[in-house]
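Novice: The structure that follows is given in the form of structure tokens.
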Amino acid sequence: MLVYDLGHGRAGDKGDTSNISVIAYNDKAWKILQRELTAERVMDAYAHIVHGPVTRYELPNLRALNFVIEGALGGGVTRSLGQDMHGKSLSTLILTIDLPVNEA
Amino acid sequence: MAPHPLRIGVGAGFADDRITPAADMAKSGRIDWLIFECLAERTVGRENLARQKNPKKGFTPWLEQRMEAVLPHCLEHGIRIVTNMGAANPTGAARVTRRIAADMGLGDVACSVVQGDDVAETIRALPGLMLMESGEPLESILPMMASANAYLGADAICEALSRNAPVTITGRVGDPSLFLAPAMHHYGWSYDDWPKLAQGTAAGHLLECSAQLTGGCFADPGKKDVPDMASLGYPIAEIGANGELIVTKLEGTGGRIDVATCSEQILYEMHDPSAYITPDCVLDITGLTLTEVAQHRVRVAGTKARPRTDSYKVTVGYFDGYIAEGQVAYAGINAVGRANLAADVVKERLRLRGFEYPEMRTDLIGMSSLHGMKPDRPEPYEVRLRIAARTNDRKAAEALGFEVRAMHVNGPAGGGGGSEPTVREILAVQSVLLDRNLVTPEVFVEGGS
């Protein structure tokens, strides 16, 4: 099941670190995200473009997860050779993660 | 006790933000304060260089247009302006603002100025500071240092607001502090009233990126729709005497403000949600609740704050060589193969000319430039090759774009749309922490009668 169908989010930048939020659309989606969208799965999805590590924070009040990914922006906004120096588009990569869940 | 809560509206959330929504906000927002947040991490460094070239410059480039758009309405409605558009030259920005007011027939408009954020001389003389990002000593970049600015807090801004000028202009301050200060000033909150500082800081964090709270950076058609995006309105915070907080947006504008948009924005640029460090406090949003009390009205509650740290964060800007870039596009059968061949040829020609680059990156725009390459990705019909490299050698930087554009004639079949070669001089930033006692904010007023 795609994260895209469970939640939405946004990426922010600070130095060479990107933070990416995933906010569940509803309680059921929140339970799945909370259980399945681990820091390890996120690191796997980003491993080819970031150094890591990934730290995960839970915000149950907001039904949200916040992933802090270090070494994610090619040295930081001002030094990056990439096209998207802020890593704003990194928010949509997490949504492509396919979680091993069978939707009832 | 007036039931009317303080209304703080947003006029800008980044240096190049749109101006029409700010004018609309000033015209019909029924607000008490209008805030323009215009400084990214690297902007002050850039403006420092501008000021070194011309002592009258060094403030945010769109200052004049913004002031022309809002000053008449703000003065008419008694709306006070607070902004960090002063960048590296708040005094210069104040003088320009006063000149614009005079030229528009608005009279002698006083501007309160906050300075003292420039700590370049202080840290130059202070051994032992460590760069937070690289972990190396500050000395490693001192010879290339272009600027060093401390994020000042709401206390300094409050001092400026107490002078009752219609406009307050700062250099580097904490972004949320720009919003917290008017609330502290209006309600007389003390600088250690942590529950209220928490709410005011949360308000600032939510509002500081303007349209990102009201449907900007949000739409995904068919999945997350945003009505009337072309007329996206900017947000307003309604803050009560005890820190009650409602966020809303200018009436009659497009966009949306609800739990979904507020959730995305409260986590924007946040790391540990229990410890968001500002110059004023350490904000904890783990207990934060968002409630839609009416359409486009969200109540924010449950924030907490701990005492601020004993240091200021200082952004250090330094020269870091050049980034060179060139692009050329291919389409049709084997477009990716031809783009890759072009990349190989460009690199070989640069090598044969004797240029070396410590870091080079090749992107296929349309395929792998944003999310990198994965093995199972299908080839697109069209692709745009982009080569970028870092170097300290200006000639090497210029050669890169030159060789990419030469692909029109000297490259694989059907290469078109070559870009003008670009060479950017890089002003990189890192941070250090500086003891609060070593920083002295200054406040004064330009003009007024």
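Novice: If I filter the range B:355-374 for residues that are among the hydroxyl-bearing types (Ser, Thr, Tyr), closer than 30 Å to B:Ala148 by Cβ and touching a helix residue (DSSP H, G or I) at 6+ places or on another chain (Cβ under 9 Å), do I get at least one hit?
Specialist: Yes; the residues of the range B:355-374 include at least one that is among the hydroxyl-bearing types (Ser, Thr, Tyr), closer than 30 Å to B:Ala148 by Cβ and touching a helix residue (DSSP H, G or I) at 6+ places or on another chain (Cβ under 9 Å).
Novice: Taking the range B:394-449 as the search range and keeping residues that are closer than 30 Å to B:Ala101 by Cβ and of a type outside the set (S, T, N, Q), which one is modelled with the lowest pLDDT?
Specialist: Taking the candidates together, the pick is B:Gly448.
Novice: Just the residues that are in contact (Cβ under 8 Å) with a residue 40 or more places away in the chain and either among the charged types (D, E, K, R) or not assigned by TED's automatic domain parsing to the domain that holds B:Cys209 (or both), please, taken from the range B:57-89.
Specialist: Residues satisfying the conditions are B:Arg66, B:Arg80.
Novice: Quick check on B:Ile81: is it crowded, with 16+ Cβ neighbours inside 10 Å and touching a strand residue (DSSP E or B) at 6+ places or on another chain (Cβ under 6 Å)?
Specialist: Yes, satisfied.
Novice: Something else now. Sort out which residues of the range A:57-81 are farther than 21 Å from B:Ala275 by Cα and facing another protein chain (nearest Cβ under 10 Å), and write them in order of number.
Specialist: A:Gly74, A:Gly75, A:Gly76, A:Val77, A:Thr78, A:Arg79, A:Ser80, A:Leu81
Novice: Just a yes or no: is a residue in the range B:394-406 exposed (fewer than 15 other Cβ atoms within 10 Å of the Cβ), without any contact (Cβ under 8 Å) to a residue 24 or more places away in the chain and either away from every other protein chain (no Cβ under 12 Å) or among the acidic types (Asp, Glu) (or both)?
Specialist: The answer is no; no qualifying residue exists.
Novice: Now, a different point. Answer with yes or no whether A:Asp84 is in contact (Cβ under 8 Å) with a residue 60 or more places away in the chain and within 13 Å of chain B (Cβ to nearest Cβ).
Specialist: When the stated conditions are applied, A:Asp84 does not pass them.
Novice: Could you list, in sequence order, all residues of the range A:33-77 that are surrounded by fewer than 23 Cβ atoms within 10 Å (Cβ to Cβ), of a type in the set (Val, Ile, Thr) and part of a loop (DSSP other than H, G, I, E, B)?
Specialist: Correct list: A:Thr38, A:Ile49, A:Val77.
Novice: Same structure, new question: From the set of residues in the range B:261-277 that are among the polar types (S, T, N, Q) and surrounded by 24 or more Cβ atoms within 10 Å (Cβ to Cβ), which is farthest from the other protein chains (Cβ to nearest Cβ)?
Specialist: B:Thr261
Novice: Do we have any residue at all in the range A:44-56 that's more than 9 Å from chain B (Cβ to nearest Cβ), among the basic types (Lys, Arg), farther than 15 Å from B:Glu264 by Cβ and touching a residue at least 40 places away in the same chain (Cβ under 8 Å)?
Specialist: no
Novice: Now, a different point. Going by what's in this entry, would B:Ala324 be described as touching a Pro at 6+ places or on another chain (Cβ under 8 Å), surrounded by 14 or more Cβ atoms within 10 Å (Cβ to Cβ) and at pLDDT 95 or above?
Specialist: yes
Condition check ((1) crowded, with 24+ Cβ neighbours inside 10 Å; (2) away from chain A (no Cβ under 13 Å); (3) at pLDDT below 95) across all residues:
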{"position": "B:Pro227", "(1), (2), (3)": "no, yes, no"}
{"position": "B:Tyr234", "(1), (2), (3)": "yes, yes, no"}
{"position": "B:Val259", "(1), (2), (3)": "no, no, no"}
{"position": "B:Ile285", "(1), (2), (3)": "yes, no, no"}
{"position": "B:Thr289", "(1), (2), (3)": "no, no, no"}
{"position": "B:Glu292", "(1), (2), (3)": "no, yes, no"}
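Novice: Condition first: within 8 Å of chain B (Cβ to nearest Cβ) and over 17 Å from A:Thr92 (Cβ atoms). Now tell me which residues in the range A:1-29 satisfy that.
Specialist: If the condition is that a residue be within 8 Å of chain B (Cβ to nearest Cβ) and over 17 Å from A:Thr92 (Cβ atoms), then A:Lys14, A:Gly15, A:Asp16, A:Thr17 are the ones that fit.
Novice: When only residues in the range B:104-145 that are touching a Phe, Trp or Tyr at 6+ places or on another chain (Cβ under 6 Å) and closer than 22 Å to B:Arg436 by Cα count, which is surrounded by the fewest Cβ atoms within 10 Å (Cβ to Cβ)?
Specialist: Here the residue is B:Met145.
Novice: Could you go through the range B:315-322 and let me know if any residue there is out of contact with any Leu (no Cβ under 7 Å at 6 or more places or on another chain) and within 30 Å of B:Glu382 (Cα to Cα).
Specialist: yes
Novice: Every residue in the range A:10-39 that is touching a residue at least 12 places away in the same chain (Cβ under 8 Å) and of a type in the set (D, E, K, R), please.
Specialist: A:Arg10, A:Asp13, A:Asp16, A:Asp27, A:Glu36, listed by residue number.
The values are calculated or read from the model by the stated rules, or taken from the named source; none is laboratory data. The structure presented is a predicted model; accordingly, all values stated were derived computationally and were not measured. No Cβ is skipped: glycine too gets one built from the backbone with ideal geometry, and neighbour counts run over all protein chains shown.
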